[in-house]
Amino acid sequence: MTATIDEQDAAASTVGQSALAVRGLWKVFGPRADKIVGSAEADLSRAELLAQTGCTAAVRDVSFDVAPGEVFVVMGLSGSGKSTLVRCLTRLIEPTAGQVLIDGEDVVAMSEARLRELRRHHVSMVFQHFGLLPHRKVIDNVAYGLEIRGVDKKERRRKAQELVDLVGLSGNENAYPDQLSGGMQQRVGLARALAVDPSVMLFDEPFSALDPLIRRDMQNEVIRLHHEVGKTMVFITHDLAEALKLGDRILIMRDGALVQVGTPAEVVGAPADEYVRDFVSEVPRSHVLTLSWVMRPPRPDEAMTGPEMAPGTVVRDAARRVIDSGDPVKVVEDGQLLGVVDQDDILRVIVAEES
């Protein structure tokens, strides 16, 4: 479908505010992949397209924006196209059509030399398989990207040590990868990605091979590092709990296409279709929904002497204070009353998730 002039202008203005902007991205595999986009066959289902043309649309007309400093999660089941998508962002896989703009520059149109510069200086990637150099010590693995850049040895070791300390590996600088646990190896991968001071970090299911407890620790580590360094992050996962924990916003994919983009509360509170509704059906709503989802206008007879809370407060975190308050809690932002919440509003959410 062709965008209107107003939609094109809105998209253009958004690109200028985005760390990453993806526009109409396609990746088609097959014998005549370049003929599919824009043809009538592009509207076929994945199974029909394969049967009629021998082609597979792994990524199908996907568009989204990632704000500077945002943790943007792309999730979906196996085969949904999420890993192909993230690899298209730096042309580890060549897109069939569309644009990928990083700081306003189209990656798809870059020369090979400019693309190498982008990968070395502006974008780093953390994979599920750590890809550490087994014959190099931790500090030298962390410094590898700086070495490729031509940074002198003294400076790159200083920077590498700084990152080793940042990710909690102090004292392991001279260990080799095979002397470290899986979680520690992934910390080395995080430090190596951060060492080149990228503007965008891409994570392709980096924790899926780790044991559950180590995985939880690494999720917390990403949250901590994000608070400390504030990098723009695109995180790929098939795990909904991980997506809800890490993401400022979540993009859900199915069969290569975008199904929904929204905050965790939007995805859980207002699923776009049955597919997303099934996805989030097991999620405790009180752990994700905020007061902005359960508040209501105050009634004329209600006393307005209760405490104030922000609309972004998660229901679970607000529950005790709301229940203990004799009066409705006021939901306030920037001095403006948005609504109120009482114990009945809270209990409706909690009871509904137990039914």
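Along the range 244-250, what does the Karplus equation 6.51 cos²θ - 1.76 cosθ + 1.60 (θ = phi - 60°) give for ³J(HN,Hα), rounded to whole Hz, x for Gly and Pro?
5, 6, 9, x, 5, 9, 10
Please report Rg over Rh for the chain, where both radii come from the alpha carbon positions and Rh follows the Kirkwood definition.
1.02
How tilted is helix 212-229 with respect to the longest principal axis of the chain? Cα atoms for both, answer in degrees (0 to 90, nearest 10).
90
How much accessible surface area, in Å² rounded to 10, belongs to the heavy atoms of MET184 with a 1.4 Å probe?
Per-residue accessible area (MET184): approximately 60 Å².
Leaving ligands, DNA and RNA out of it, work out the accessible area of VAL314 with a 1.4 Å probe and give it in Å² to the nearest 10.
30
Let me know the shape class of the range 51-203, please: from the alpha-carbon gyration tensor, a ≥ b ≥ c as square roots of the eigenvalues, rounded when a/c is under 1.5, otherwise prolate if a/b is greater than b/c, or oblate. List each step's numbers first, then the result.
Values: a/c = 2.29, a/b = 1.72, b/c = 1.33.
It comes out prolate by the Cα gyration axes.
Alpha carbon centre of the range 163-192 versus the range 28-79: separation in Å?
The range 163-192 and the range 28-79 have Cα centres spaced 37 Å from each other.
Provide the gained length on full extension for the span HIS129 to SER181, in nm with one decimal, where the gain is 0.36 nm per separating residue minus the Cα-Cα distance.
Values: separation 52, 0.36 × 52 = 18.72 nm, distance 1.32 nm.
Residue separation times 0.36 nm, minus the Cα-Cα distance, leaves 17.4 nm.
Tell me the angle of helix 5-15 to the major Cα principal axis of the chain, expressed in degrees between 0 and 90 and rounded to the nearest ten.
70
Which lysines, if any, have their Cα less than 23 Å from the Cα of LYS82, not counting same-chain residues under 8 positions apart?
Qualifying lysines at Cα under 23 Å: LYS27, LYS35, LYS231, LYS245.
Find which of MET309, MET184, GLN52 sits farthest along the positive direction of the dipole of the chain, computed with +1 on the beta-carbon of Lys and Arg, -1 on that of Asp and Glu, about the Cα centre.
Value: MET184.
Could you tell me the convex hull volume per residue, in Å³, taken over the Cα atoms of the range 21-72?
79
Taking 0.36 nm per residue of separation and subtracting the Cα-Cα distance, what length does fully extending ASN174 through SER45 add? Numbers along the way, then the final one.
Values: separation 129, 0.36 × 129 = 46.44 nm, distance 5.26 nm.
In short, 41.2 nm is gained.
So what's the angle, to the nearest 10 degrees on a 0 to 90 scale, between helix 153-166 and the longest Cα principal axis of the chain?
30
Could you work out the helix-only [θ] at 222 nm for the chain, with each DSSP H run of four or more residues adding -39,500 (n - 2.57) and the total divided by the number of residues, to the nearest 500 deg cm²/dmol?
Calculated from helices alone, the mean residue ellipticity at 222 nm is -11000 deg cm²/dmol.
Would you mind giving the three semi-axes, in whole Å and largest first, of the ellipsoid equivalent to the range 198-355 according to its Cα gyration tensor?
33, 18, 15
The values are calculated or read from the model by the stated rules, or taken from the named source; none is laboratory data. Since we're looking at a predicted model, the values are computed, not measured. Neighbour counts run over all protein chains shown; Cβ positions are idealised from the backbone, glycine included. Protein only, heavy atoms only, side chains kept; ligands, DNA and RNA dropped before computing areas. Shrake-Rupley method; radii C 1.70, N 1.55, O 1.52, S 1.80 Å.
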